[in-house]
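Take a look at the structure set out below.
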Amino acid sequence: MYEFLDDFLFSYQSLIYALGINGLLALSMYVVLAIGQLSLGQAAFMGLGAYTSALLTLKLGAPFPLVLLASMAVPAVAALIIGAPTLRLSGVYLALATIGLGEVLRIAFVNSELTGGALGLSGIPEKAGYTLIFSCLALALIAFVLVSRSRIGRAMEAMREDEIAAGMLGVHLPRYRLSALVVSAMLAGLAGALNAHVSSFISPNDYGFDAAVTILSYALLGGIGSPFGPVVGAIILTLLPEVLRPLHDFRLVFNGLIIVIAVLFMPHGLVPWRIRRTGARA
Amino acid sequence: MLAQQLVNGIISGATYALFALGFTLMFGVLNVVNLTYGVYFSTGALIALYATRHFVAPILIALPLAAIATGLIAVVIDGLLLTPLRRKKAPELASLMVTLGATLLLYSLMTAFIGTDIQRFPPAAIDPSAIEIGTVRVSRSQMLIVGTAFVMVVLLLALMRGTRLGLAIRALAENPDVARLMGVDVTLVTFFVSFVSGTLGAAAGILIGLNYNAIQPYMGEAMMLKGFAVIIIGGLGDIRGALIAGLILGLLEGLTAGYVTSTLKDAVGFLLLVLTLWFRPVGLFGRAAIKRA
Amino acid sequence: MNGAILALENLTVRFGGLAAVDGVSFHVEPQTVHGLIGPNGAGKTTAFNLISGLGHQNDGHILFNGETIDDWPSWERAQRGLARTFQNIRTFGEMTVMENVLAGMHAHVGGGLGATLLRLPSFRAAESAAIGKARDILGFVGLADASARRAGSLPYGDQRRLEIARALASDPKLMLLDEPAAGMNPSETASLIDLLLRLKARGVTLLLVEHDMHFIMNLCDRITVLNFGRKIAESTPVEVRSDPSVIEAYLGTKVGERLEAGARVR
């Protein structure tokens, strides 16, 4: 029995890792969408986290916990720099600035010797595994559920529904926007670091426009009524191309189509459950 | 050396301006950041490429043909994706997301059918002649770019300020509901603006494609970052802003490439964008883009 | 003027070349019901928007409890006790009635991130207290039975009550109500008048915009009349009703006819 499980886990190793990593990325998208914002920086933040962690491990041999912390801190700083000026501007600016960030980082990674240029970095030791990845995912989910069922969660949903009305109730809009962006960056950075340390190899192309939009498709497919929605979306969109061969080649086409269909016809996504927002029995 | 750099800068600047014109028009009037705009850039170039290659059409015919075809594609996309959202009064981020999805979808489709290899115009289509003034060398296609950019700006400004259609467009940009009440055929004007944006994007794609003679499906995407920078620096929705910001960006990039390092060239736009957001978010000519309380 | 809970001083707002609000000054005494009326386009909603922190004035000042609040963003005004309902009802449709009211308490419920994540006793206590208080408020407005329902599923009149409940939850000293009786039938309007009077009895100052003259005349202690962005009259309901300039402003409208006839609307 255990041998079977062992073999199974081995053959599908990277797929199972991907489920966890993409789940984390979906959550990083969720936190921003949950307040009614659109940030497309998740892939860029992931790239920052991945490269930071890979470089710290490869060049400095830093202890892994420190590496993980750094891989969250660096994207957080980037989020602050990009996010702070857009706080009082229309949401469009944030969306554009984050797309721009992705492109610029990709160019930076490709052109820099430090990051291995277009070939990326390889030989990253395998320091993460199932336990770590899925524990992070579980912890993140739990944290989101706890926050959703609280005053903060109510403020977030209020902002998403009607920002002006939410402001009129005392919700400090800029603070929430910036916090959501920073949390999103940290989660994506963590996902990037974990991914780097199970894949042994990272390259700039993994963190470009395609990746950013794919992450969006996870969240839109699953729905953002609860933190579980985007994770379900990530699971489906990670597994589907494996199960349906033709889908694999047209994966990107499919993701794009998902977004279009979700926005036009399924604004609530697949997971119909809406998490309640009270922290005690109402 | 400096003179050539400056001239090159003006040429790339005109390129960016030409690209940004349709983009900013779409944003300024239709109040939507249509991210499929980059696709129009690529589509225009690709259609022109196939027209010259398979139908041996001279470039003077292929160009307008490709531009018009792309304009029509833009109208279809607007009608399929954006009009339903407008009707539902969906939040503007919904338009952003749907055009994002469409962008991914269309690029991937194009790549699937055409491949990612760089394609080139047949030699017959390219005019290699150039003029030389002193130490500066400018090719005919480069002059065409600059000329087209300026002509388009003048035409657009004339349209917007001097014609009834322009008035209708500006009314629509101010307030679609009031415009409708005043008799503006919102649907028609919207489609017209989409059409013009599409043709502008395509024209930019064709001219730039001709200039660098390197065409592949994702070329539009590379331009988009520059496009964002230009429209934000120039001011969302402002035509003069697009031209001036484009020229500034081109010149700064040229100077960076010449005097600092050419690898940082592409980062200049993004840097300017962030600086603009920090210190003057409305851009050079923008009006009250700050929407929030 | 001293002790006024709200004061507008020479407030001017221009859109392009047009002055939507033109040098308007008035003040609202605490624990009164103050009406702001005028024909359509008179600048009432614009004034409301400015008072609640949406938009920027070109000239003049707004004072709340004696403090100039011109630069305060809306959330800061809300935290200091200024609440507002909107002309088109803006309840949070996807959230339940209870959650809407709890959202209203945002500024007054405890529970930082740490306490929330660790589910500390302080968090639980704060949530329970908030829910208790929310129940009281829902009872006060008459929505106690609907607390678990999705806000968007409520009938129109109840959504209006919910919006008021939510505004009340923020513990306001001044509540701005933008056409609260819009779209209501006579019996709903009567209940609303009753609710607002009870609100006043609780010590909340009310500033209302309304077109329903019966509503205004029965509720308000004092009325300011705007036309084309300017103040044209300000007095008690009885005096305002028979003021010739007010009647003239409403000339040609149904309200004007009724005013002129000296009859009560409805």
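Restricting the stretch B:132-149 to residues that are small (Gly, Ala, Ser) and closer than 26 Å to residue B:63 by Cβ, the residue that is nearest to the chain's Cα centre (by Cα) is B:149. Go through the residues of the stretch A:201-216 one by one and say whether even a single one is surrounded by fewer than 23 Cβ atoms within 10 Å (Cβ to Cβ), farther than 30 Å from residue A:265 by Cα, away from chain C (no Cβ under 14 Å) and acidic (Asp, Glu). No, there is no match, as no residue in the stretch A:201-216 is surrounded by fewer than 23 Cβ atoms within 10 Å (Cβ to Cβ), farther than 30 Å from residue A:265 by Cα, away from chain C (no Cβ under 14 Å) and acidic (Asp, Glu). Within the stretch A:120-130, can one find any residue that is in a helix (DSSP H, G or I) and surrounded by fewer than 19 Cβ atoms within 10 Å (Cβ to Cβ)? Looking through the stretch A:120-130, at least one residue is in a helix (DSSP H, G or I) and surrounded by fewer than 19 Cβ atoms within 10 Å (Cβ to Cβ).
With respect to residue C:140, is the statement that it is within 20 Å of the chain's Cα centre (by Cα) and either hydrophobic (A, V, I, L, M, F, W, C) or not in a loop (DSSP other than H, G, I, E, B) (or both) true? When the stated conditions are applied, residue C:140 passes them.
Yes/no matrix, rows are residues, columns are (1) at the interface with chain A (Cβ under 8 Å from one of its Cβ atoms); (2) surrounded by fewer than 24 Cβ atoms within 10 Å (Cβ to Cβ); (3) under 30 Å from residue C:55 (Cβ atoms):
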site	(1), (2), (3)
C:71	no, yes, yes
C:78	yes, no, yes
C:86	yes, yes, yes
C:90	yes, yes, yes
C:122	no, yes, no
C:127	yes, no, no
C:140	no, yes, no
C:144	no, yes, no
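When the stretch B:92-112 is limited to residues that are more than 7 Å from chain A (Cβ to nearest Cβ) and farther than 13 Å from residue A:209 by Cα, the one that is surrounded by the fewest Cβ atoms within 10 Å (Cβ to Cβ) turns out to be B:111.
Of the set (1) farther than 26 Å from residue C:152 by Cβ; (2) among the small types (Gly, Ala, Ser); (3) free of Cβ contacts under 8 Å to residues at least 24 places away in the same chain, all apply to residue C:81 but (3).
For the stretch B:39-50, does any single residue satisfy the condition of being more than 19 Å from the chain's Cα centre (by Cα) and either farther than 17 Å from residue B:227 by Cβ or at pLDDT below 85 (or both)? Talk me through it step by step, then tell me what you get.
In the first step, residues of the stretch B:39-50 are kept if they are more than 19 Å from the chain's Cα centre (by Cα); the result is B:50.
From what's left, either farther than 17 Å from residue B:227 by Cβ or at pLDDT below 85 (or both): B:50.
The answer is yes; a qualifying residue exists.
Restricting the first member to the stretch A:85-101 and to residues that are within 11 Å of residue B:281 (Cβ to Cβ), and the second to residues that are of a type in the set (S, T, N, Q) and crowded, with 24+ Cβ neighbours inside 10 Å, the beta-carbon pairs closer than 7 Å and six or more apart or on different chains are A:93/A:86; A:97/A:86. The stretch B:1-91 holds helices (runs of 4 or more DSSP H) entirely within its bounds, and those carrying 3 or more residues that are touching a residue at least 60 places away in the same chain (Cβ under 8 Å) and surrounded by fewer than 16 Cβ atoms within 10 Å (Cβ to Cβ) map to B:2-30. Residues that are under 21 Å from residue C:216 (Cα atoms) and surrounded by 17 or more Cβ atoms within 10 Å (Cβ to Cβ) within the stretch C:5-35 comprise C:5, C:6, C:7, C:8, C:24, C:26, C:27, C:28, C:33, C:34, C:35, listed in sequence order. The number of residues in the stretch B:254-270 being surrounded by fewer than 20 Cβ atoms within 10 Å (Cβ to Cβ) and either over 21 Å from the mean Cα position of the chain (by Cα) or modelled with pLDDT of 85 or more (or both) comes to 9. Within the stretch A:259-282, restricting attention to residues that are closer than 24 Å to residue B:82 by Cβ and at the interface with another protein chain (Cβ under 7 Å from one of its Cβ atoms), the residue that is surrounded by the fewest Cβ atoms within 10 Å (Cβ to Cβ) is A:264.
Listed here are the residues, each with its yes/no results for (1) under 17 Å from residue B:28 (Cβ atoms); (2) assigned to a helix (DSSP H, G or I); (3) of a type outside the set (A, V, I, L, M, F, W, C).
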site: B:209; (1), (2), (3): no, yes, yes
site: B:220; (1), (2), (3): no, yes, yes
site: B:233; (1), (2), (3): yes, yes, no
site: B:254; (1), (2), (3): no, yes, yes
site: B:270; (1), (2), (3): no, yes, no
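From the residues in the stretch A:140-183 that are facing chain C (nearest Cβ under 7 Å) and surrounded by fewer than 20 Cβ atoms within 10 Å (Cβ to Cβ), which one is nearest to residue A:36 (Cα to Cα)?
Taking the stretch A:140-183 first, the residues facing chain C (nearest Cβ under 7 Å) are A:143, A:146-147, A:150-152, A:154-155, A:157-158, A:161-162, A:164-165, A:167-173.
Now drop any that are not surrounded by fewer than 20 Cβ atoms within 10 Å (Cβ to Cβ), which leaves A:143, A:146, A:162, A:164, A:172.
Numbers: A:143: 19, A:146: 19, A:162: 9, A:164: 12, A:172: 14 Å.
Filtering first and then ranking leaves A:162.
Candidates in the stretch A:221-234 are the residues that are of a type in the set (A, V, I, L, M, F, W, C) and under 13 Å from the mean Cα position of the chain (by Cα); of these, the one that is farthest from the other protein chains (Cβ to nearest Cβ) is A:231.
In the stretch C:161-191, what residues are within 13 Å of the chain's Cα centre (by Cα), away from every other protein chain (no Cβ under 14 Å) and in a helix (DSSP H, G or I)? Across the stretch C:161-191, the qualifying residue is only C:161. The set of residues in the stretch C:77-101 being in contact with a strand residue (DSSP E or B) (Cβ under 9 Å, 6 or more places away or on another chain) and not in a loop (DSSP other than H, G, I, E, B) consists of C:77, C:78, C:82, C:83, C:84, C:85, C:96, C:97. If the condition is being modelled with pLDDT of 80 or more, assigned to a helix (DSSP H, G or I) and either hydroxyl-bearing (Ser, Thr, Tyr) or within 18 Å of residue B:194 (Cβ to Cβ) (or both), then the stretch B:130-171 contributes B:148, B:152, B:155, B:156, B:159, B:160, B:165, B:166, B:168, B:169, B:170, B:171.
Would it be correct to say that residue C:39 is in contact with a Phe, Trp or Tyr (Cβ under 7 Å, 6 or more places away or on another chain) and not acidic (Asp, Glu)? If you could, list the steps in order and put the result at the bottom.
Values: in contact with a Phe, Trp or Tyr (Cβ under 7 Å, 6 or more places away or on another chain): yes; not acidic (Asp, Glu): yes.
Taking the combined requirement at face value, the residue satisfies it.
Of everything in the stretch C:50-68, what is within 14 Å of another protein chain (Cβ to nearest Cβ) and under 19 Å from residue C:23 (Cβ atoms)? Give them in sequence order. C:50, C:51, C:55, C:56, C:57, C:58, listed by residue number.
Tell me, which helices (runs of 4 or more DSSP H) wholly within the stretch A:1-109 include 1 or more residues that are out of contact with any strand residue (DSSP E or B) (no Cβ under 7 Å at 6 or more places or on another chain), closer than 30 Å to residue A:225 by Cβ and not β-branched (Val, Ile, Thr)? If you could, list the steps in order and put the result at the bottom.
Values: elements: A:2-11, A:13-33, A:42-55, A:64-86.
Ranges flagged: A:13-33, A:42-55, A:64-86.
The values are calculated or read from the model by the stated rules, or taken from the named source; none is laboratory data. Since the model is a prediction, treat every value here as computed from it, not as a measurement. Cβ coordinates were reconstructed from backbone atoms using ideal geometry, including for glycine residues, and neighbour counts include every protein chain displayed.
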